[in-house]
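First the structure, in the form of structure tokens, and then the observations on it.
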Amino acid sequence: MKKNIYTRIIVILLIAILIFECSKNGTEFEENTHFDFVLYDGLTLNDISDISEELESNYQRIVNDLQVQDMPHVTARIWANYDNFLTAMEADLGVRYNGATGYVFGMEEFRIYYINPAPLTALHEFAHLVSMQVNESIPNNPRWLWEAVALYESRDFINPITLPYMVSGNYPTMEELNIDYNSSNHSVYSVGYIILEYIRQIWGMDVVIRLIETNGNTEYILGLTVQEFESGWYQFIEEKYLN
């Protein structure tokens, strides 16, 4: 009798260890042509089917937009538990960005928290990786451009007329939009799309690429100081959205 009890205890412990290891290390899936997925906290391929479909259906558009000829295979790691996601982030980056739902890790991998709208977050982080194929030093350098490209390519548009500070003319400066995530008011995520829209509409996508290549050097690429660039952007917003 005791032997059977001990055997059952051992089996239960082994199962518990297996579950813990799967949660810790994730389950890897080769899902489609361009992406592999590593899933944590019990997530399955069925859970992330919308993420997979969104990435695949927008893959060629984003790669073509940013004129990348040879995009490496991408790994996406996805957590269902936010604390586990933040713990992994801290291990990877040495800091927790509370409130963040995704980040890139190296040139070929992004990591996200599974929360609505997870497909949009995945597209955003994938666009970051494509930007890095244009210029490996572009991450947060400058932050306004880094985020603007990802927001535009993931089609994450927010109409300025819904933002009281924009309606009142209290437009953010590039300096404000460059503030570190943990110290900023995150307004770059609200206005980043229309920064890229402004650049593309006035100068075209080739100039967007050149700005990425030169880390947002508006004076060299556009012949405009940062202040002149800001003034032109403000005028664009007023004429298109606020009048």
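Quick check on this structure: which one of Asn178, Asn140 is within 15 Å of the chain's Cα centre (by Cα) and within 26 Å of Val63 (Cα to Cα)?
Among Asn178, Asn140, only Asn140 is within 15 Å of the chain's Cα centre (by Cα) and within 26 Å of Val63 (Cα to Cα).
Can you confirm whether region 25-48 contains a residue that is at pLDDT below 95 and farther than 23 Å from Ala118 by Cα?
Taking every residue of region 25-48 in turn, none turns out to be at pLDDT below 95 and farther than 23 Å from Ala118 by Cα.
Only one of Leu66, Leu86, Leu93 is outside the structural domain of Arg155 (by TED's automatic domain parsing) and either at pLDDT below 95 or crowded, with 19+ Cβ neighbours inside 10 Å (or both). Can you tell me which?
The conditions single out Leu66.
Suppose we filter region 194-242 for residues that are crowded, with 16+ Cβ neighbours inside 10 Å, under 13 Å from Leu66 (Cβ atoms) and either touching a His at 6+ places or on another chain (Cβ under 7 Å) or of a type in the set (Asp, Glu) (or both); how many remain?
0
Please go through region 86-117 and give me each residue that is touching a Gly at 6+ places or on another chain (Cβ under 9 Å) and not β-branched (Val, Ile, Thr), ordered by number.
Phe110, Arg111, Tyr113, listed by residue number.
Test Gly232 against the stated conditions and say whether it is small (Gly, Ala, Ser) and outside any helix (DSSP H, G or I).
Taking the combined requirement at face value, the residue does not satisfy it.
Would you mind telling me which numbered condition in (1) at pLDDT below 95; (2) under 22 Å from Met132 (Cα atoms) Ile78 fails?
(1)
I'd like to know if region 148-157 contains one or more residues that are exposed (fewer than 15 other Cβ atoms within 10 Å of the Cβ) and either out of contact with any strand residue (DSSP E or B) (no Cβ under 9 Å at 6 or more places or on another chain) or not aromatic (Phe, Trp, Tyr) (or both).
The answer is yes, given that some residue of region 148-157 is exposed (fewer than 15 other Cβ atoms within 10 Å of the Cβ) and either out of contact with any strand residue (DSSP E or B) (no Cβ under 9 Å at 6 or more places or on another chain) or not aromatic (Phe, Trp, Tyr) (or both).
The values are calculated or read from the model by the stated rules, or taken from the named source; none is laboratory data. Note that the structure is predicted; figures quoted are calculated from it, not measured. Quick reminder, even Gly has a Cβ in these numbers, built from the backbone with ideal geometry, and neighbours come from all protein chains shown.
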